Amino acid sequence: MTDEEKKFRCEKCQRDFASEEALGHHNSAKHSETKKKEEAVRKPASGKKARNWIFLILVLGLITAGVVWGVSGTVKEDEYCQNQPVTDMNIGGHTNLKNHIHQEFEIIIDGVEQEIPADIGISPGIMRPIHTHDASGEIHVEGPCVRDFTLGEFFDLWGREFNSTQIFDKTTSNGTLKMYVNGVENSEFENLVLIDDDEIKVEYVSN
Ligand SMILES: [Zn+2]
Ligand SMILES: [Zn+2]
């Protein structure tokens, strides 16, 4: 290789050229393209940086949204628990119970104790917040929030009649209906709020 030849050598790809002009052509033809390519490569790199920022902002946004959603979800759950009609409410089971109280319930018609069956408020896949697990007369009030339930709501779930003038098909036009809570006569009937450990007795005597 002579010095003359070296003079027209492309520094980038080590190709030799016959003249400076040829090298110039070569440079503008090959290496200006390379330059463009380099730029083209650099651009996505800066684009990538921007994407990283967008990604980070999105992640932070999602986390914030997740927290807000989680909190509002809890609020919604509580709202649901507080406001849902008892006949539509499904507590699903015995997990996450914030409320779990019991009452002893007894119904006597003309001296005969009436059966309060097991599984009132319970059917496959459904557990209402007021239910029975056996026929002992124990009412279970359970749910994901603390909320008042009434004896009338228990009867709604049972599908039987109960109010101040009626128990089942027995009405006060043909008899006397009385209710006792912990041994004390009570006139709230279907509106009685169920309180833990209450002993509730409904008694009907035909005329
Ligand atoms: Zn229970
Ligand atoms: Zn239960």
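Note down all Cβ pairs under 6 Å where the first residue falls in the range 161-187 and is among the polar types (S, T, N, Q), the second is assigned to a loop (DSSP other than H, G, I, E, B) and surrounded by 14 or more Cβ atoms within 10 Å (Cβ to Cβ), and they're at least six residues apart or on different chains.
165/172
One residue is enough: does the range 181-203 have a residue meeting the conditions among the polar types (S, T, N, Q), touching a Ser or Thr at 6+ places or on another chain (Cβ under 8 Å) and either at pLDDT 95 or above or more than 16 Å from ligand 1 (Cβ to nearest atom) (or both)?
Yes, the range 181-203 has at least one match.
Within the range 72-97, count every residue that is within 17 Å of residue 121 (Cα to Cα) and either at pLDDT below 85 or β-branched (Val, Ile, Thr) (or both).
4
Which of the residues belonging to the range 172-207 are more than 25 Å from residue 129 (Cα to Cα), polar (S, T, N, Q) and touching a Phe, Trp or Tyr at 6+ places or on another chain (Cβ under 9 Å)?
Residues satisfying the conditions are 172, 176.
Can you tell which of 103, 114 is polar (S, T, N, Q), within 30 Å of residue 182 (Cβ to Cβ) and within 16 Å of ligand 1 (Cβ to nearest atom)?
The match here is 103.
Out of the residues in the range 68-92 that are under 16 Å from residue 153 (Cβ atoms) and of a type in the set (S, T, N, Q), state the one that is surrounded by the fewest Cβ atoms within 10 Å (Cβ to Cβ).
In this case the residue turns out to be 83.
Would you say residue 157 is surrounded by 14 or more Cβ atoms within 10 Å (Cβ to Cβ) and either within 16 Å of ligand 1 (Cβ to nearest atom) or within 35 Å of the chain's Cα centre (by Cα) (or both)?
For residue 157, the condition - surrounded by 14 or more Cβ atoms within 10 Å (Cβ to Cβ) and either within 16 Å of ligand 1 (Cβ to nearest atom) or within 35 Å of the chain's Cα centre (by Cα) (or both) - is met.
With the checklist (1) over 30 Å from residue 123 (Cα atoms); (2) within 16 Å of ligand 2 (Cβ to nearest atom) in hand, flag the one item residue 62 doesn't pass.
So the condition that residue 62 fails would be (2).
The values are calculated or read from the model by the stated rules, or taken from the named source; none is laboratory data. It should be emphasised that the depicted structure is a prediction, and the values quoted were computed from it without experimental measurement. Virtual Cβ from ideal backbone geometry, glycine too; neighbours counted across all protein chains shown.
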